[in-house]
1. Which of the aspartates and glutamates could a cross-linker bridge to residue 155, judged by Cα under 20 Å and excluding same-chain residues fewer than eight apart?
2. Which entries in the list 170/217; 8/170; 8/90 go over 20 Å, if you measure between the two C-alpha atoms of each?
3. Between segment 69-108 and segment 124-146, what is the C-alpha centre distance in whole Å?
4. For segment 1-130, calculate the relative contact order in percent as a whole number, restricting contacts to Cα pairs under 8 Å that are 6 or more residues apart.
5. What is the sum of charges around residue 175, taking Lys and Arg as +1, Asp and Glu as -1, for the other residues whose C-beta is under 9 Å from the C-beta of residue 175?
6. Over segment 49-115, what relative contact order in percent results from Cα pairs under 8 Å that are six or more residues apart?
7. Rounding to the nearest 20 debye, state how big the charge dipole of the chain is about its Cα centre with +1 on each Lys and Arg Cβ and -1 on each Asp and Glu Cβ.
8. Tell me, what is the per residue accessible area of the chain in Å², probe radius 1.4 Å?
Amino acid sequence: MISIQGFKNTFLYIDMFLEGMVCTITLSALTVILGFILALVLALMRLSKCKPLRFVASAYVEVFRATPMLVQLFIVYYVLLADISLPAFKLFGFIRFERLVPGVIALSLNSGAYLSEIIRSGIQSIDPGQREAAGCLGLTSFQTMRFVILPQAIKNILPAIANEFVTIIKESSICYTIGVQEIMAAVTSAQMASFTLAEPLLVAAAIYFCLTFPTSKLIAHFERKMSRGDKR
């Protein structure tokens, strides 16, 4: 039963929610950076003329898109990093580094698989004639990809990348299962301490909304600015 008193009890632990929000932002930001780098590499491998590279990248994407995120997280934490002793210190005084790293790795590996397909489709959407024109100007394949193809591709796929970023913020909630002190971990702590159930969940939902909605609007703003040149 939702009540005013329940919210009052929940807000006694607002510091935990704020710390959880900082942890979620940190987790998501690191995932976006690492996931994008991995996705770019995978996309270029999928577009390579080398069959082994295409096979490895395709297999990676299919495996990570076909298995649950929770399973991937547990494999990284309980299998791949089981015998590795990570430094035990706290970021910002409350984020446990040894728990954060497995979460970032698992989310990045998963996000990279999805983002790679987005980037690949963006690269393939560019007119092949632009590659030929760049070659006529004396640009190498690397220079053509860096200065001609990728800037246009990123602009075309910006909305899809923004959606993936929003998805990462929401999917980061799964990391509480391995002890990462993000928003859902704060919910569990508040529920146990205040003996309330619904109110901490509603507070968490409001925090996630406050993180994802402005992010979507900010990306949409930059998308409009980048598209102005196309309308001239």
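1. Within the straight-line cut-off, residue 155 pairs with 117, 127, 164, 223, 230.
2. Where the Cα-Cα span goes over 20 Å, the pairs concerned are 8/170; 8/90.
3. About 40 Å separates the Cα centre of segment 69-108 from the one of segment 124-146.
4. It comes to 39 percent, rounded to a whole number.
5. Summing Lys/Arg as +1 and Asp/Glu as -1 gives -1.
6. Value for segment 49-115: 41 percent.
7. Result for the chain is approximately 840 debye, rounded to the nearest 20.
8. So the chain comes to 57 Å² accessible per residue, rounded to a whole number.
The values are calculated or read from the model by the stated rules, or taken from the named source; none is laboratory data. Quantities reported herein were computed from a predicted structural model and do not represent experimental measurements. Positions of Cβ are backbone-derived with ideal geometry, glycine not excepted, and every protein chain shown enters the neighbour counts. Accessible surface areas use protein heavy atoms only, side chains included; no ligands, DNA or RNA. Shrake-Rupley method; radii C 1.70, N 1.55, O 1.52, S 1.80 Å.
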